[in-house]
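Remarks on the structure that follows.
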Amino acid sequence: MRVTVVGLGYVGLVTAAGLAEAGHEVVGLEADPARISALGAGRMPFHEPGLGQLVERHVASGQFLITDAPDKASLGAQAVVVAVGTHDGNDGWQTATMRAALGQILPHIPDDGVLVIRSTVPVDFVRELPELVRSLRVRHGRGPIPILTNPEFTREGTAVADFLAPSRVVIGIVDDPSGRGERVVRRLYAGIPAPILVMTAADAALAKIGSNLFLATKISFANELALLCETHGASVEQVVSAIGLDPRIGSAFLRPGVGFGGSCLPHQVTSVVREAEAVGLGLPLLEAVDTVNDRQRVLFVDRIEERLDGLDGARVALLGLSFKPGTDDVRAAPALEIARLLIERGAEVVGYDPMERARQQAVEAVPGLRTVDDAYRAVTDADAIGLVTEWPEFGDLDWSRVATLVRRAVVVDGRNALQPEVLAAEGFHYTGFGRLAVERSLATIVEPRPAAAGPLDGHAVTGAPAPA
Ligand code: UGA
């Protein structure tokens with residue numbers, strides 16, 4: 001089938017490459033010329049495991065074409081899938097990009113084509129769609145086309161696998177009187193084994209947002225459970241291992257720590273609460289999910305401060321800047337807020353992330369943050385190490401070497417990703433979330449060591465020095 005994908009960002013590029021992999025002829029319509037030439041040269045605009053190979057293969061075979069011309073892009077298209085951004089950058093929605101994209105593409109979609117909205121959109125916007133599409137089509141002398149939504153449930157870091165083997169495919173009907181649109185979307189997924197659910201567009205929008213709200217709720221629940229475990233001397237891992245075996249609950253998304261980040265969970269919790277407030281609807285559970293999540297960042301910084309007896313003049317190494325492993329995305333990443341708080345309280349913060357783009361963007365977002373290109377450099381002369389993103393390489397660090405590099409052997413683990421016993425054996429004072437019982441049994445005394453001269457001399461360093 002011939003498919004056009006409008007917008008080659010996180011969602012669109014995965015959708016386009018995934019549909020090409022599923023055997024469709026795909027044309028990607030992208031407005032940014034720099035992105036088009038980068039993709040043509042085999043450079044991905046962001047890190048997503050497996051995506052580069054897929055794009056390269058299908059571009060080389062001609063199954064995936066990329067253009068900035070809406071007329072060429074939609075020539076002969078049976079389905080036009082729109083996947084442009086809908087976040088306003090301030091925890092709210094914006095539909096201006098979507099409206100502009102529709103304005104560009106709708107005049108060119110053949111009368112036997114189908115419009116599919118893949119972006120996450122607010123429910124109110126879904127209601128406006130039929131009239132918006134109809135008026136744009138009429139203005140250009142075009143006939144009516146079916147309108148459907150097809151929300152995505154892919155996770156950054158595993159998006160390709162999630163696209164090719166989804167837990168479900170949801171089709172939302174906006175306007176499809178003959179059922180032709182539904183048949184076309186079903187054919188899009190013909191080669192992909194997954195249950196297909198067809199529902200109203202409002203149901204589909206809430207199924208998408210509701211999934212994320214529930215995941216966020218689970219994480220905030222785990223964060224409160226961890227505090228409860230600390231109060232009662234219990235171990236959160238043990239508790240979750242038992243809770244999670246109940247098939248009604250499951251063990252996923254119950255890892256406590258610095259809380260959830262990224263472009264989806266924080267945005268959707270905040271925007272839903274805000275919209276509900278605006279219409280006088282109270283959502284105290286979701287408000288609490290947000291409050292707990294914000295508090296986790298503060299708790300993490302408090303824990304570092306307590307271990308060091310104050311942050312003024314202390315050097316803190318932050319390991320991990322992206323919002324989770326497997327991505328270089330720092331949107332609403334806990335590390336950014338944590339770095340800001342640490343700097344505000346007088347600390348000097350040196351960050352490290354395996355992804356260069358994450359390091360660059362973190363430095364741009366947080367005044368005073370410096371980054372280095374190696375974990376061992378980051379920890380050199382640190383008074384405390386804060387693990388924020390559980391990249392596997394942090395678990396594999398040579399902790400006996402780290403112990404010789406730091407000024408004070410303090411580790412606060414914001415993801416419960418490290419093994420307290422391993423760190424204690426190297427003389428570290430370890431703090432996690434909900435692991436107090438283990439920590440107490442391993443407690444060591446933290447003695448400051450004098451700083452080695454010029455710890456970062458000769459190493460790649462980005463960013464401004466922290467304010468004095
Ligand atoms: C999320 C959803 O998981 C996807 O299903 C959805 O398609 C996507 O949003 C979207 O709306 O586009 P993503 O933002 O990629 O995916 O990230 P998640 O894997 O959900 O992780 C979100 C945050 O929660 C991360 O910061 C992660 O570290 C944190 N997290 C996750 C925890 O703090 N604890 C956990 O137990 C699990």
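Helix content alone sets the calculated 222 nm mean residue ellipticity of the chain: runs of n ≥ 4 DSSP H residues at -39500 (n - 2.57) each, divided across all residues, give -13500 deg cm²/dmol. Restricting the trypsin sites (Lys or Arg not before Pro) of region 160-211 to loop positions (DSSP other than H, G, I, E, B) with no more than 14 neighbouring Cβ atoms within 10 Å leaves Arg168.
Helix 123-139 and the longest principal axis of the C-alpha atoms of the chain enclose an angle of approximately 40°. Once the mean of 1/r is taken over each pair of separate Cα atoms and inverted, region 73-120 shows a Kirkwood hydrodynamic radius of 11.5 Å. Dipole size of the chain about its Cα centre, with +1 on Lys/Arg Cβ and -1 on Asp/Glu Cβ: approximately 1080 debye, rounded to the nearest 20.
Counting only residues at least eight positions apart within a chain, or on another chain, the lysines with an alpha carbon under 19 Å from that of Lys208 are Lys218.
What is the log10 of I(q)/I(0) for region 332-406, computed with the Debye formula using one identical point scatterer on each Cα and no solvent, at q = 0.11, 0.19, 0.22 Å⁻¹? With one equal scatterer per Cα and no solvent, log10 I(q)/I(0) is -0.26, -0.78, -1.05. With protein chains left intact and a 1.4 Å probe, residues in region 248-287 average 49 Å² of accessible area per residue. Between Asp374 and Arg127, the contour length at 0.36 nm per residue exceeds the alpha carbon distance by 83.9 nm.
What FRET efficiency, computed as 1/(1 + (r/R0)^6) with R0 = 35 Å and r the Cβ-Cβ distance, is obtained for Ala34 and Ala165, rounded to the nearest 0.05? E(calc), rounded to 0.05, equals 0.65.
Solvent exposure of region 53-160, expressed per residue, is 42 Å² of accessible area, with all protein chains present and a 1.4 angstrom probe.
Which far-off residues, 5 or more places away or on another chain, put their amide H under 5 Å from the one on Glu348, with H placed in the peptide plane? Here the answer is Gly313, Ala314, Arg315, Val316, since their amide H atoms fall under 5 Å of that of Glu348. Count neighbours as other Cβ atoms within 10 Å of each site's Cβ, and list the trypsin sites (Lys or Arg not before Pro) in region 20-71 that are DSSP loop with at most 13 such neighbours. Sparse-neighbourhood loop trypsin sites (Lys or Arg not before Pro): Arg43. In order along region 341-354, the phi-based Karplus estimate (6.51 cos²θ - 1.76 cosθ + 1.60, θ = phi - 60°) of 3J(HN,Hα) comes to 5, 4, 5, 4, 8, x, 7, 9, 10, 10, x, 9, 9, x Hz; Gly and Pro are listed as x.
The label point for Arg186 and the one for Val138, both projected 7 Å from the Cα toward the Cβ, are 3.1 nm apart.
Amide H contacts of Phe46 (H built 1.01 Å from N, in plane; Pro and chain starts excluded): no residue 5 or more places away or on another chain comes under 5 Å. Among the trypsin sites (Lys or Arg not before Pro) in region 246-345, those placed in a DSSP loop whose Cβ has at most 14 other Cβ atoms within 10 Å are Arg248. Per residue, the solvent-accessible area of region 321-379 (1.4 Å probe, heavy atoms of protein chains only, all protein chains present) comes to 32 Å².
Only protein atoms count toward the accessible area here, which uses a 1.4 Å probe; on the chain, the carbon and sulfur part of that area reaches 55 percent. The stretch between Ala69 and Phe253, if pulled fully straight at 0.36 nm per residue, gains 62.1 nm over its current Cα-Cα span. Hey, what angle do you get for helix 265-278 against the long axis of the chain, alpha-carbon based, 0 to 90 degrees rounded to 10? Rounded to the nearest ten degrees, it is 70. Our coupling estimate for region 104-115, obtained by passing each phi through the Karplus curve with A = 6.51, B = -1.76, C = 1.60 and θ = phi - 60°, is 6, 8, 4, x, 9, 6, x, 5, 9, x, 9, 9 Hz, Gly and Pro reported as x.
Site pair Glu421 and Gln53 shows an inter-label distance of 3.5 nm when each label is modelled 7 Å from Cα along Cα→Cβ. The slack in the chain from Gln238 to Leu197, taken as 0.36 nm per residue of separation less the alpha-carbon distance, amounts to 11.1 nm.
The values are calculated or read from the model by the stated rules, or taken from the named source; none is laboratory data. Because the structure is a prediction, the values reported are computed rather than measured. Using ideal geometry, Cβ is built from the backbone for each residue, glycine included, and neighbour counts are taken over all protein chains shown. Ligands, DNA and RNA are excluded from the accessible area calculation, which covers all protein heavy atoms including side chains. Shrake-Rupley method; radii C 1.70, N 1.55, O 1.52, S 1.80 Å.
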